[in-house]
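Peer 1: After the structure tokens below, expect a handful of questions from me.
The values are calculated or read from the model by the stated rules, or taken from the named source; none is laboratory data. Because the structure is a prediction, the values reported are computed rather than measured. Cβ: placed from backbone, ideal geometry, glycine included. Neighbour counts: every protein chain shown. Each accessible area value is taken on the protein alone, full model and side chains, heavy atoms only, with ligands, DNA and RNA left out. Shrake-Rupley method; radii C 1.70, N 1.55, O 1.52, S 1.80 Å.
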Amino acid sequence: MVVVGRKTDRNSGGLLYRLIFLNQNNFDVSMLVTLDYQSREMELRHLRYFVAVAEELSFRKAAQRLNISRPALSKQVKDLEEEISVKLLDRDTVSVSLTKAGELFLEDSQELLIHAERAIERATQAQSGHRGKLKIGSVGIIATDFLPKTLKIFHQKYPGVEVAFVEMLPGEQLDALTKGRIDIGFAYGNEILNITSLRSLCVVHSIYGIAISRQHPLADRKGISLMEIRAETLLCLGEDGRSNHRETISQFYTEEGIRPSKVRQVDGFDSMVTLIAADQGISLLPHVLDLATQNVVIIPITAPKANLDFHMWAVWQRHLPSHHIKHFVQLLEDRAQGREVEPSITVVS
């Protein structure tokens, strides 16, 4: 268990955080970390370096992420361990892993960095007004209809706010929100409504259909049942164990009492569309996507038992909304309420 206490250092004016946790020998380890500009001991950069290594579990990947050399990063992390007299990482020539103390220290370090970043952001906003940075998780072409137009209006109203898009899969965005790596993310399905720590807004509502190539024998049909495509290779987005797309499709098949003969997971949307166009498989995608220029058509599904609704939600932290988030979400909400007809998203190759 980690206990974090804080108080003001009267001598330096800095903020002291006391971290108490158990080391590998089950002895209480207690220390004071002074976070002020005059401190020559632990600094915020040490925490950033450690968090990067802990999240990547690789000095090479962490060094690339931080844009510093690997030896310099290794030395900084080693200095941190020596400064607090606690071993945070187990490392050898091929792998890096967190010690028990390292796992606990990571949680508090992430929290401290988030609070520090938000403190700086609030101070900047207070001094300069509508200035700052808004980090949004990227979701690709599914957002082509509403996101560019919303971003244009946002820039017109708040030109001093820099909007940065962070490339990541939808399944990674909830974790990125929690860690403060993005401010607004996007998620599929209705399960997001059960996460009380997040607020959400539906930005896309559509119906799933069967995506097949134009040359497929069933391409001219007005409707296709899942039974008719049971022998086809079913393509799903995402990696093993973290594919919301596969879970959704599996639920459709289960509700219809059908089991696909072969399922193949594909890392990227573009790769999946290419495979479909080449008759290497089929998939289930929302009708809001227009893939005609990619030689792919989406046919309605005749599945009376399955709920084929598709929802995509904008999501953000309930208890940490900045003015930037509120302003951007308000524009998304205004557009969602004003939409009367579902638009199509045309993909141009």
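Peer 1: Using a 1.4 Å probe on the protein heavy atoms only, what accessible surface does residue 198 show? Give it in Å² to the nearest 10.
Peer 2: Roughly 20 Å² of residue 198 is accessible to a 1.4 Å probe.
Peer 1: Let me ask something else. May I ask you to derive the FRET efficiency for residue 214 and residue 305 from their Cβ-Cβ distance with R0 = 30 Å, giving the value to the nearest 0.05?
Peer 2: Calculated value: 0.55.
Peer 1: Can you give the % of DSSP beta bridges in the stretch 65-188 that are antiparallel, to the nearest 5?
Peer 2: Just about 25 percent of them are antiparallel.
Peer 1: In whole percent, and with a 1.4 Å probe on the protein chains, what portion of the accessible area of the stretch 230-282 is carbon and sulfur?
Peer 2: The value for the stretch 230-282 is 40 percent carbon and sulfur by accessible area.
Peer 1: Follow-up. How would you classify the stretch 141-208 from its alpha-carbon gyration tensor, with a ≥ b ≥ c the square roots of the eigenvalues: rounded for a/c under 1.5, else prolate if a/b is greater than b/c, otherwise oblate?
Peer 2: It comes out oblate by the Cα gyration axes.
Peer 1: Ordered by residue, what ³J(HN,Hα) values in Hz, to whole numbers, does the stretch 180-185 give under the Karplus form 6.51 cos²θ - 1.76 cosθ + 1.60, where θ = phi - 60° and Gly and Pro are x?
Peer 2: Going residue by residue, I get x, 6, 9, 9, 10, x Hz, with x marking Gly and Pro.
Peer 1: With no solvent and one point per C-alpha, what does the Debye sum give as log10 I(q)/I(0) for the stretch 182-335 at q = 0.10, 0.12 Å⁻¹?
Peer 2: Listed by q, the Debye log ratios stand at -0.41, -0.57.
Peer 1: Under 5 Å between amide H atoms, partner at least 5 residues away or on a different chain: which partners does residue 68 have, H built in plane at 1.01 Å?
Peer 2: Those lying under 5 Å, H to H, from residue 68: there are none.
Peer 1: So, one more: Under a point-charge model restricted to the Cβ atoms of Lys and Arg (+1) and Asp and Glu (-1), what is the dipole moment magnitude of the stretch 104-216 relative to its Cα centre, in debye to the nearest 20?
Peer 2: 580 debye
Peer 1: Let me ask something additional. Using a 1.4 Å probe on the protein heavy atoms, what percent of the accessible area of the stretch 67-157 belongs to carbon and sulfur?
Peer 2: After summing per-atom areas, the C and S share lands at 52 percent.
Peer 1: What pairs in 87/326; 222/305; 179/262; 100/179 have C-alpha atoms more than 30 Å from each other?
Peer 2: 87/326; 179/262
Peer 1: Calculate one ³J(HN,Hα) per residue across the stretch 206-220 by plugging θ = phi - 60° into the Karplus curve 6.51 cos²θ - 1.76 cosθ + 1.60, and present them in order as whole Hz with x for glycine and proline.
Peer 2: Per residue, the Karplus-derived 3J(HN,Hα) values read 8, 10, 6, x, 9, 8, 9, 6, 5, 8, 5, x, 9, 5, 8 Hz.
Peer 1: Could you compute the net charge surrounding residue 306? Neighbours are other residues with a C-beta less than 12 Å from the C-beta of residue 306; K and R count +1, D and E count -1.
Peer 2: -2
Peer 1: In percent, what relative contact order does the stretch 123-221 have, based on Cα pairs under 8 Å that are 6 or more apart in sequence?
Peer 2: The normalised contact order for the stretch 123-221 reaches 28 percent.
Peer 1: Okay, moving on. Summing Lys, Arg as +1 and Asp, Glu as -1, what charge do residues with Cβ under 10 Å from the Cβ of residue 296 carry, residue 296 excluded?
Peer 2: 0
Peer 1: Once amide H atoms are built 1.01 Å from N in the peptide plane, which residues 5 or more positions from residue 265, or in another chain, come under 5 Å H to H?
Peer 2: 236
Peer 1: Between residue 122 and residue 58, what's the calculated FRET efficiency when r is the beta-carbon distance and R0 is 22 Å? Round to 0.05.
Peer 2: After rounding, the FRET efficiency stands at 0.10.
Peer 1: Next up: With every protein chain kept in the model, how would you rank 283, 74 by accessible area, 1.4 Å probe, largest at the top?
Peer 2: 74, 283
Peer 1: Taking θ as phi - 60°, what are the ³J(HN,Hα) couplings along the stretch 314-330 by the Karplus curve (6.51, -1.76, 1.60), each to the nearest whole Hz, with x for Gly and Pro?
Peer 2: In residue order, the calculated couplings are 7, 10, 7, 5, 5, 9, 10, x, 7, 4, 4, 4, 4, 5, 5, 5, 4 Hz.
Peer 1: All other residues with a Cβ under 14 Å from the Cβ of residue 321 taken together, and with Lys, Arg as +1 and Asp, Glu as -1, what is their net charge?
Peer 2: In short, +3.
Peer 1: Taking amide H positions as placed in the peptide plane 1.01 Å from N, state which residues far from residue 198 in sequence (5 or more) or on other chains have amide H under 5 Å from it.
Peer 2: Counting only residues 5 or more places away or on other chains, the set is 318.
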